1. Take the conditions more than 7 Å from the ligand (Cβ to nearest atom) and either aliphatic (A, V, I, L, M) or surrounded by 24 or more Cβ atoms within 10 Å (Cβ to Cβ) (or both) and apply them to ILE63. Does it pass?
2. Only one residue in LYS201, LYS172 is assigned to a helix (DSSP H, G or I), modelled with pLDDT of 85 or more and not acidic (Asp, Glu), so which one is that?
3. Does LYS88 satisfy the criteria of being more than 27 Å from PRO139 (Cβ to Cβ), out of contact with any His (no Cβ under 9 Å at 6 or more places or on another chain) and not in a loop (DSSP other than H, G, I, E, B)?
4. From the residues in the stretch 69-119 that are away from the ligand (no atom under 13 Å from the Cβ) and among the acidic types (Asp, Glu), which one is surrounded by the most Cβ atoms within 10 Å (Cβ to Cβ)?
5. Looking at the stretch 253-267, which of the residues that are out of contact with any Leu (no Cβ under 9 Å at 6 or more places or on another chain) and surrounded by 12 or more Cβ atoms within 10 Å (Cβ to Cβ) is farthest from PHE170 (Cα to Cα)?
6. In the stretch 38-60, what residues are within 12 Å of the chain's Cα centre (by Cα) and more than 9 Å from the ligand (Cβ to nearest atom)?
Amino acid sequence: MNKQKSQEQKDYYNKTAKDYDKWHIETASAKIIDAWNFKNLKKFVNNKKINKALDLACGTGRISNNLLNISDQVYGVDISEEVLKIAKQKYPQLKLTQSEVTNLPYDNNYFDLVIINGSLHHFFAVEETLTEAYRVLKPGGLFVLLGEPNQNYLKFYNPFFYFWALSRVFIKISDIFKTKKSSPPELIEPDAENYKPNKLKKQLTAAGFDIKQFYTYDYFHRFENKLFLKNYYNYLEFEHRTIAKIFKNLGAAIQCVAYKNNIRCRK
Ligand SMILES: C[S@@+](CC[C@H](N)C(=O)[O-])C[C@H]1O[C@@H](n2cnc3c(N)ncnc32)[C@H](O)[C@@H]1O
């Protein structure tokens, strides 16, 4: 684990905690992506209620809180005390603890589901995180990774990239005419990683996981155009069923569902 990078992340999220929801969660585009992700998540657990779920790097807790719809008990960890303070205030029903993701305060084989939403790229410790997630999962348990940045995205042969570039141009032009900007100037996040899908798959397998699904989707964060937003959810569905199957693993964000193999664990 890179301690300096970890400290940078902690300092940044401590410093910006009070604005976290405004920047990351309350935008209309983020809400649509959340809704789409959650619908998928329900499918991953076969629409059944599970016993214990863990949200790694839970931030201000809205995904953890959503998990209560599919899990009796929900745990969350985060490195930043300040985001956790907000999460505890908003969702007292969650079991929240400050912790590094690479050193979790839980027994082996404890959770039915471990999820990371939009955070693995902040850890600078992919292998250690995956190994730790594997350790705390029960045999047969599910590991879900949502919204990690894809290194294959910024390629000239990638049609998804041109959609994104167009949306950026549109945002910049429309921002000229607005007093309330789409992207707050303060939002300069610390360094983060992005992943080559094939390498990430190998790392998941090396940690012991069996990959069930691995796919990407098009992520238009902070593209708040009303007409676009009206159709974004349907676009995500359509893209997932069709375009993403032709242009495999080229979308901006990587999603993955893996599990701890029941039979192999018992050997
Ligand atoms: C982009 S936020 C995502 C938060 C949340 N999952 C969500 O979807 O809103 C990234 C989170 O990772 C946390 N984080 C970064 N490095 C961490 C580490 N090494 N251990 C635990 N949490 C970490 C940050 O404090 C921050 O809350």
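The values are calculated or read from the model by the stated rules, or taken from the named source; none is laboratory data. Just so you know, these numbers come straight off a predicted model, no measurement behind them. Quick reminder, even Gly has a Cβ in these numbers, built from the backbone with ideal geometry, and neighbours come from all protein chains shown.
1. Values: more than 7 Å from the ligand (Cβ to nearest atom): no; either aliphatic (A, V, I, L, M) or surrounded by 24 or more Cβ atoms within 10 Å (Cβ to Cβ) (or both): yes.
It is false that ILE63 is more than 7 Å from the ligand (Cβ to nearest atom) and either aliphatic (A, V, I, L, M) or surrounded by 24 or more Cβ atoms within 10 Å (Cβ to Cβ) (or both).
2. Details: LYS172 fails: modelled with pLDDT of 85 or more.
Going through LYS201, LYS172 in turn, just one is assigned to a helix (DSSP H, G or I), modelled with pLDDT of 85 or more and not acidic (Asp, Glu): LYS201.
3. Working: more than 27 Å from PRO139 (Cβ to Cβ): yes; out of contact with any His (no Cβ under 9 Å at 6 or more places or on another chain): yes; not in a loop (DSSP other than H, G, I, E, B): yes.
Yes.
4. ASP112
5. CYS265
6. Residues satisfying the conditions are PHE38, LEU41.
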